[in-house]
Amino acid sequence: LQPFPEGFTEWSEKMEFRPCIKSFYYQQVEGKFKYSFWGYPEVYAKNVSCLSLQGYVSDVANLIVNDTDPTKIQSIMVDRAEVMLHNGFGNDIYWKCRRSMRYSASIRKAADDFRREELNSDDVTDKTEILEDWTLMKVKPGQAIGGPYLAVHLRRRDFVTSRSKQIPTVKGAAEQISKLLKTLKLEIVYLSTDAPETEVDELKSFLNETAVIKRFKPTDAQLQKFLDGGVATIEQWICAHAKYFIGTAESTFSFRIQEDREILGFSHNTTFNCLCPDHNLNCEQPAKWYMKQ
């Protein structure tokens, strides 16, 4: 499975067999296709087809059932199954489940302490107070103001090779951040990134005169308590409370932040944004999955 390379702004169900975007994953060996999956180096298939998909599990299941001759094909492997959406995605039940999920009090406290001490941000001023009983919490888009900072999720590492055409260079990111700061009349950037320190230093050098960059660096005690996953959630919660958030296209981390901001009551315009590649500064922005209450 693969996404449609042209992207989308408004959701519509569609699927189509297309040329493989990343066909180099597979090798042809003696008339068969070979690839390594999850540590198993010799997985072979008689045929490989690439299906571009914006749709649900049931769509793929129906396609397989209706278009497969069981007398000729006994096994089918669906690679990159994460492209499929489960059939309840975005509906009332989905949002009830998502709204009911709350981060632990200790993780929220660590994030809130950082916001207060480093970003001049608190729930009362920012209008981001939450009720412990999620069923009683009703919000309207735009009621949350957020803290006086721009939150940026800059995904690097494997995205540099796997999605090089969809993300900016470090310099390109700095230019977009600088422009946003001027537009929003902000000076502080909260940066969440998996970039190596050399790239972070490079970004800081480009933003030296236009921004104050803040990052959450856990203490040894915090890292031992929360582990890497908990620290990532702390960063997520900090990003969710910014006046404006801009993330990375197709990043699950950015998507979770967008959901959090929907639940907190931020406007869609300050939430569903992503950095653009240097060659296309008017790139497709994230699809808007509006919360249902």
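The values are calculated or read from the model by the stated rules, or taken from the named source; none is laboratory data. Worth saying up front: this structure is predicted, and the values here are computed from it rather than measured. Don't worry about glycine lacking a Cβ; one is built from the backbone with ideal geometry, like all the others, and counts go over all protein chains shown.
Things worth noting here:
- Within the option set 148, 218, 168, being touching a Pro at 6+ places or on another chain (Cβ under 8 Å), in the same structural domain as residue 252 (by TED's automatic domain parsing) and either modelled with pLDDT of 95 or more or outside any loop (DSSP other than H, G, I, E, B) (or both) holds for one residue only, 168.
- Failed criterion for residue 157 (all others in (1) touching a residue at least 40 places away in the same chain (Cβ under 8 Å); (2) basic (Lys, Arg); (3) surrounded by fewer than 16 Cβ atoms within 10 Å (Cβ to Cβ) hold): (1)
- A single member of 257, 213 is in contact (Cβ under 8 Å) with a residue 24 or more places away in the chain and within 22 Å of residue 103 (Cβ to Cβ), and it is 257.
- Among residues of the range 129-154, those that are without any contact (Cβ under 8 Å) to a residue 24 or more places away in the chain and either among the hydrophobic types (A, V, I, L, M, F, W, C) or surrounded by 14 or more Cβ atoms within 10 Å (Cβ to Cβ) (or both), counted: 2
- Qualifying residue in the range 88-104 (condition: without any contact (Cβ under 8 Å) to a residue 24 or more places away in the chain, within 30 Å of residue 5 (Cα to Cα) and assigned to a loop (DSSP other than H, G, I, E, B)): yes
Residue-wise test of (1) more than 27 Å from residue 161 (Cα to Cα); (2) surrounded by 10 or more Cβ atoms within 10 Å (Cβ to Cβ).
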site	(1), (2)
6	no, no
13	yes, yes
29	no, yes
34	no, yes
49	no, no
64	yes, yes
75	yes, no
80	no, yes
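- Residues in the range 178-206 that are in a helix (DSSP H, G or I), touching a residue at least 40 places away in the same chain (Cβ under 8 Å) and either of a type in the set (A, V, I, L, M) or in contact with a strand residue (DSSP E or B) (Cβ under 7 Å, 6 or more places away or on another chain) (or both): 180, 184, 203.
- Condition check for residue 292: surrounded by fewer than 16 Cβ atoms within 10 Å (Cβ to Cβ), in contact with a Lys or Arg (Cβ under 9 Å, 6 or more places away or on another chain), part of a loop (DSSP other than H, G, I, E, B) and at negative phi: yes
- Verdict on residue 193 being surrounded by fewer than 17 Cβ atoms within 10 Å (Cβ to Cβ) and either within 20 Å of the chain's Cα centre (by Cα) or β-branched (Val, Ile, Thr) (or both): no
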